[in-house]
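Student: One structure, as structure tokens, below. Some questions next.
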Amino acid sequence: MTVYAGPVFDMAVNQFRVIADHLSIPMDERDRLLLPKRAITISCPIHRDDGTVAVFEGYRVQHHLTLGPTKGGTRFAPSVDIGEIAALAIWMSWKCALVGLPYGGAKGGVRVDLTTISKHELEALSRRYMQEMIPFVGPHTDVRAPDMGTNEQMMAWFMDTYSMYQGRTVTEIVTGKPVSSGGTLGRLEATGRGVAHLAKRVMKELAIDLNSATAVVQGFGNVGSYAALGLHQFGLKVIAVGDHTGALYDKGGLDIPVLMRHAGAHGSIAGFSNELQFDPAQILTLPCDVLVPAAMERVIDAQVAQNLQCRVLAEGANGPTTPDADLVLEKRQDEIFLIPDILCNSGGVVVSYFEWVQDLQQLFWEEEEVTRREYHILDRAFDQMAARSKADKIPHRTAAMAIGVEKVRAGKNVRGLFP
Ligand code: GLU
């Protein structure tokens, strides 16, 4: 029995079971690898603009501290619960280990519908969430970052709140900050850029001509918008984009820079064009060369997987594909090249790591250096995943996760069990 429950947590458990079986990990080692080290649940009371008090529930799950501090984003969304946050923390662990960062995984979140609170209330909630967590976090204990529903401004509030309590500026407590307050050049773009970079690499390997290729992107937040922009800049036509408000389709290719400006000003793609409206339920199964799910977890189930018409599936979101869908994709491996989430979207945490290093050293890099190093790490992890998949005759997701789990396991075994 654990407190963690729900479909997303079950998904992380199922995936781990596949990996543990593949690696022949003894049963008595499995819980130690899988179950989170710590989970913190807090109540965040704030004054609302109308003078009443409202309380929001917040969480932080720290998966393991074996390889260094825990690292991971913060999600503000109505769907947030402890099981989802735990699953996302576990995935962060395999992701950080796969790409070779000295971190365990973490994730945090607040259950809140952002459409129902004002900017002033959001600041109060962000600050209270940080303040309640102070005993449990630190630049060498747990370093947070953005995720769904959070942004640079909120990272600045987190950093400021922590710093006010310490009596000095501690930029290294959080990554994804604005460049003006200890952030790094290239972090805002990092996740989406990484997705586009890996998709381009795969297209080259599959001899797909970039200038006649098409892409579809589900989700137009930070990850989806910069992935779409990257693909657009590589010459692809981004024929469809969707977000929580709807979808747009243009067979000639959407003008992504203009759409980004619209979404930046209005908070979503809504109102961009009436003629280009499209049914969002159909976006994932449109024929295209590259499909980027960059919204929620579990959007590709077995039925959607069966109907996918892409050649490259570049997972920008965490956990977009269910284990049932993975079984379908395994059979379709020769048609659809999967770039699994823990590799595909890892550019974000890779550049978060660069931000943390720069903050600790107070020595800042040029954007060109940030991006060059990001791509180097992504390419190295891609090579390792591809080689492992070939050698063990296993799907890409199994290979990527096996490498991550193996590294965490090796770290635990060499350190031993205390006392
Ligand atoms: N939330 C992002 C992720 O899921 C970024 C985490 C980070 O930068 O620490 O990978």
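The values are calculated or read from the model by the stated rules, or taken from the named source; none is laboratory data. All values derive from a computational prediction rather than experimental measurement. Using ideal geometry, Cβ is built from the backbone for each residue, glycine included, and neighbour counts are taken over all protein chains shown.
Student: Within the group Val174, Val216, Val195, which residue is in contact (Cβ under 8 Å) with a residue 12 or more places away in the chain, touching a Phe, Trp or Tyr at 6+ places or on another chain (Cβ under 6 Å) and either within 14 Å of the ligand (Cβ to nearest atom) or more than 26 Å from Val112 (Cα to Cα) (or both)? Don't jump to the end; show me each part of the working.
Tutor: On the way: Val216 fails: touching a Phe, Trp or Tyr at 6+ places or on another chain (Cβ under 6 Å); Val195 fails: touching a Phe, Trp or Tyr at 6+ places or on another chain (Cβ under 6 Å).
Criteria check complete, one pass: Val174.
Student: How about region 97-138: which of its residues are among the aliphatic types (A, V, I, L, M) and in a strand (DSSP E or B)? Outline the logic, then answer.
Tutor: Here is the first cut: in region 97-138, the ones among the aliphatic types (A, V, I, L, M) are 97-99, 101, 106, 110, 112, 114, 117, 122, 124-125, 130, 133-134, 137.
Within region 97-138, Ala106, Val110 qualify.
Student: May I ask you to list the residues in region 64-96 that are more than 13 Å from the ligand (Cβ to nearest atom) and within 11 Å of Val408 (Cα to Cα)?
Tutor: Of everything in region 64-96, those that are more than 13 Å from the ligand (Cβ to nearest atom) and within 11 Å of Val408 (Cα to Cα) turn out to be His64, Leu65, Thr66, Leu67.
Student: Mind counting the residues in region 96-115 that are within 12 Å of the chain's Cα centre (by Cα) and within 13 Å of Leu67 (Cα to Cα)? Write out each step before concluding.
Tutor: Taking region 96-115 first, the residues within 12 Å of the chain's Cα centre (by Cα) are 96, 105-107.
Among the residues that remain, those that are also within 13 Å of Leu67 (Cα to Cα) are: 96, 105-106.
Residues flagged as within 12 Å of the chain's Cα centre (by Cα) and within 13 Å of Leu67 (Cα to Cα) within region 96-115 amount to 3.
Student: Between Arg60, Arg111, Arg127, which is within 16 Å of the ligand (Cβ to nearest atom) and in contact (Cβ under 8 Å) with a residue 12 or more places away in the chain? Break it down stepwise before answering.
Tutor: Details: Arg111 fails: within 16 Å of the ligand (Cβ to nearest atom); Arg127 fails: within 16 Å of the ligand (Cβ to nearest atom).
Of the residues listed, the single one that is within 16 Å of the ligand (Cβ to nearest atom) and in contact (Cβ under 8 Å) with a residue 12 or more places away in the chain is Arg60.
Student: Based on this model, can you work out whether Gly192 counts as surrounded by fewer than 24 Cβ atoms within 10 Å (Cβ to Cβ), under 29 Å from Thr161 (Cα atoms) and out of contact with any His (no Cβ under 7 Å at 6 or more places or on another chain)?
Tutor: On the way: surrounded by fewer than 24 Cβ atoms within 10 Å (Cβ to Cβ): no; under 29 Å from Thr161 (Cα atoms): yes; out of contact with any His (no Cβ under 7 Å at 6 or more places or on another chain): yes.
Here the answer is no, as Gly192 does not meet what is asked.
Student: Here's another thing I want to ask about it. Taking the condition of being more than 9 Å from the ligand (Cβ to nearest atom), under 14 Å from the mean Cα position of the chain (by Cα) and hydrophobic (A, V, I, L, M, F, W, C), how many residues in region 326-353 meet it?
Tutor: Matching residues across region 326-353 total 3.
Student: Something else about it: Quickly run through region 341-365 and pick out the residues that are loosely packed, with under 14 Cβ neighbours inside 10 Å and in contact (Cβ under 8 Å) with a residue 12 or more places away in the chain.
Tutor: Answer for region 341-365, where residues must be loosely packed, with under 14 Cβ neighbours inside 10 Å and in contact (Cβ under 8 Å) with a residue 12 or more places away in the chain: just Leu360.
Student: Something else: What number of residues within region 33-78 satisfy the criterion of being loosely packed, with under 15 Cβ neighbours inside 10 Å and out of contact with any His (no Cβ under 8 Å at 6 or more places or on another chain)?
Tutor: So the count comes out to 10.
Student: I want to confirm something. Restricting to region 366-395 and keeping residues that are of a type in the set (A, V, I, L, M, F, W, C) and farther than 24 Å from Asp142 by Cβ, which single residue is surrounded by the fewest Cβ atoms within 10 Å (Cβ to Cβ)? Steps first, please.
Tutor: Taking region 366-395 and keeping what is of a type in the set (A, V, I, L, M, F, W, C), we get 370, 377-378, 381-382, 385-387, 391, 394.
Right, trim to farther than 24 Å from Asp142 by Cβ and you get 378, 382, 385-387, 391, 394.
On the way: Leu378: 23, Phe382: 22, Met385: 24, Ala386: 16, Ala387: 12, Ala391: 9, Ile394: 18.
Top of the filtered list is Ala391.
Student: Testing Gln333 on (1) more than 16 Å from Gly100 (Cβ to Cβ); (2) out of contact with any Leu (no Cβ under 7 Å at 6 or more places or on another chain); (3) modelled with pLDDT of 95 or more, one condition comes back false. Which one is that?
Tutor: Against the list (1) more than 16 Å from Gly100 (Cβ to Cβ); (2) out of contact with any Leu (no Cβ under 7 Å at 6 or more places or on another chain); (3) modelled with pLDDT of 95 or more, Gln333 comes up short only on (3).
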